[in-house]
1. What is the local net charge at B:Arg121, summed over the other residues whose Cβ is closer than 13 Å to its Cβ (Lys, Arg +1; Asp, Glu -1)?
2. At A:Ser108 and B:Leu24, where each label point lies 7 Å from the Cα along Cα→Cβ, what is the point-to-point distance in nanometres?
3. What's the ranking of A:420-429, A:365-374 by average number of surrounding C-beta atoms within 10 Å, highest first?
4. How big a patch of accessible area, both sides summed and in Å² to the nearest 100, lies buried between A and B at a 1.4 Å probe?
5. Ignore the peptide's own chain and count Cβ atoms of other chains within 10 Å of each Cβ in A:345-351; give me the average, rounded.
6. How high is the FRET efficiency between A:Ala488 and A:Ile61 when r is their beta carbon distance and R₀ equals 60 Å, given to the nearest 0.05?
7. Roll a 1.4 Å probe over the protein chains and send me the accessible area per residue for chain A in Å².
8. Roughly how many debye, to the nearest 20, is the charge dipole of the stretch B:2-320 about its Cα centre, given +1 on each Lys and Arg Cβ, -1 on each Asp and Glu Cβ, and no other charges?
Amino acid sequence: MSQALISFEHISKQFPGVRALDDVSFEVQAGQVHVLMGENGAGKSTLMKILAGVYQPDSGIIRLAGQPISLHDPLSAAAQDIAMIYQELTVLDNLDVGRNIMLGQEPSRGGLVNWKALYMQAQAIVDELELGLDVRTPLSRLSLAERQMVEIARAVRRQPRIIVMDEPTSSLGKHEEEVLFALIGRLKARGAAILYISHRMDEVFRLADTITVLRDGAHITTEPAAHFTRERLIELMVGRKVEAVERQARPRGAVVLEARELVSGRLLRGVTLQLAAGEVLGVAGLAGSGQTELARVLFGVRQPQSGSLWLDGRQVRFRSPQEAIAHGVAYVPEDRKSLGLVLMMGVQANMSLAALTRYQRHGLIDFARLRQLVADWTQRLNIKASVQQESVELLSGGNQQKVVLAKWLALQPRVLILNEPTRGIDVGAKAEVHQLIREIAAGGMAVLMISSELPEVLSVSDRIIVMRQGRISGELLAHEADETRVLALAFADLQEAG
Amino acid sequence: MMSVLSRWRRPLLMPLAPTSGVLLGVLALFVFFSLATPFFFNVNNFINIGQQSAVLAVAAFAMTFIILSGEIDLSMGAVGAIAGVLTAMALRDGLHLPLAVLIGLGTGAMAGLLNGFISMRFGVPSFIVTLGVASIARAISRTITQNRPVSVLDETYLSLFSDARLLGLTINVWYVGLLFVLLYVLLMRTPFGMAVFAVGGNRQAAHLSGIPAARVKVIVFVLAGALVGFAGILQAARLGSARVDPINNLELDAIAAVVLGGTSFSGGRGSLVRTLLGILLIGILNNGLSLMNVDSYWQLVIKGGIVIGAVLLDRWWVTASRSRQPVQDKEKRA
């Protein structure tokens, strides 16, 4: 094998009380997609932040093409041709594509920006990456995926040799992912090494040339992707066998929630569905097919323009989330950081947000009962956090999501609406959340689960509805569903047209 | 940093820890003025400081609620003034005392309702709305008084809101203490208080958790307005007359006290106890500089410098203590 582009040699990093990285050594080759896998806390992000110059290792060195390099701050990393692409976009919506790509590197003449040169250079990058974007389009008119393309274009502007991508697909739809994957292919062909962090098995197996597994800060293995199976990879990450979720068709209970011809703007164009006690109804579909709008209407965030909502056979109207909650409906939104949690507050405060008025005595909050409740749920959901103190901002994605779930489960709702319940959380926590969803459904709750991850929809649901352009394009029972059939329904329009 | 909420059951003084910069500032000023002027270090002067700071304290409590809920109120000085003016005019025109006081409080509450309602109903930033309301209120006060002080001669009023003493302390200090306890309980022990933190911390998440975010904010504005009305009443009693100028910039001192206390300007993080520290710092500063016969314009310069310096010190302190903690968020995205 030729000389490695990057060698990590005996990298260790200690934070007070946490051994983040313990003597990690492996190599990354040029022209490859090298996937880093591991549960939260395994050390992936710490290692990448060391590569980005954000953290300094306590010991060990990094070699770039054989030469030891020192990365004492993010600027020195950039100078070494290392580009980072994070999950959160850093492009500016108020500027156009060209100005975003050239931000901070605007060509100038006599102290003034040379706009012509700027747009030409930007166009050259756009063309090279085959993005098919007009450099004068304002970013505010682009889709999320297109903005991410701009983010990547900006990162690769200087022809970096190493590109780190941290869960780049977590907010993309199926089609948008394809665009990203094609771009990754072109970057690879240019000889760049792509270090890729993801929790999604399907894309890992699709993209990876090489996979490195980290666990608890230690390097477990680095091997060609072909050496791994899904099961083996999970075992290596978790360090134990993860049991597959039990799949068995269970009898449906009585219909709890019923929607008839719900219409809301262009996003929801007439949706009729029934949700029974004790079932998990999966909602699949391409991103932006109206799933989130459906959830928002069912939870009273949005008022439908027409159609009706029935609870236990009686018509209801939710004019606010408050009213929905009062009727026993709960909603876990798609983005826990911006919609699900108050990040600066602690576990206890976040868990009790929806129940503030239920735990009071003489107008004051009954903290003793509240603490008990929080302790119970923390234990039941296996939340790793010191309950009394931590601001939830510091928790891992999986623990954050469990806090959001606990907030609602503590209310003992009759209908639980989940929107992307495991987005961006690691394999172990994901399995736990899936298990939990099955359990609460078995306990008689009616669960509506929206997810853009097909394996999740397929493995957790009893019944699956597929949405397309604001309508339900088909319904499948779990045992007759597979990826092909779901995708066929999600894409049905394209097939008809083609 | 840690949320105050997660410290619910901790001792009262725990929230002071992150504000050590300001605590140091208070102590430093205290020592400095004790050495610099012979008039500073005596009990009567301490009582004076309390009395002089009462109006600011009430406004700063109100501002704490406003800022915690993620809003801002720039109309406090103007609203306090119009409340004081209307109360004084009502007394002058022979209205009963309780009614006159009610007019003052009601004026404040109405102004708060106006601030909150316009801001929430139409989505106009409170910065703009309260700036407009301030301008209107100030103009009305100046017009109806022809920009002359309205004297307050009612002995009961003066005694009830300024001069009466209990255990050596003037009555307005007792009001401040009483309000502090009530507001502290409201903020830290009731569902409403929790909602204020939640709405300021993440309005959308609060809304999706069934907290009526807009309503909570409007209530905060009304509560703050009533408090500011009360501040105007105290001010009129202390000076024996009501007019615009003495408390025209009340909101600026109030914001300074709140921010000095370490309450986050972006909402959701902070505490009333810390605001008390900020009030103390400004109170001691005002008092000490006057005792040293510092020119009143120079006082403003020094005050501005110290406010900025204390906040810088505080920020430095926070950064320094953060870098000593484990960086647990390093894995949060992975």
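The values are calculated or read from the model by the stated rules, or taken from the named source; none is laboratory data. Note that the coordinates shown come from a computational prediction; the quantities given were computed from them, not determined experimentally. Cβ sites come from the backbone with ideal geometry, for glycine too, and all protein chains shown count toward neighbours. Just so you know, the surface numbers come from the protein's heavy atoms only, side chains and all, with ligands and any DNA or RNA stripped out. Shrake-Rupley method; radii C 1.70, N 1.55, O 1.52, S 1.80 Å.
1. +2
2. The two pseudo-label positions are separated by 3.8 nm.
3. Order by mean packing, descending: A:420-429, A:365-374.
4. Interface area, both chains combined: 4200 Å², rounded to the nearest 100.
5. On the way: counts 13, 7, 2, 5, 9, 8, 0.
For this peptide, the per-residue mean of nearby foreign Cβ atoms is 6.
6. 0.70
7. 41 Å²
8. Values: 19 positive and 11 negative charges, 153 e Å.
Roughly 740 debye for the stretch B:2-320.
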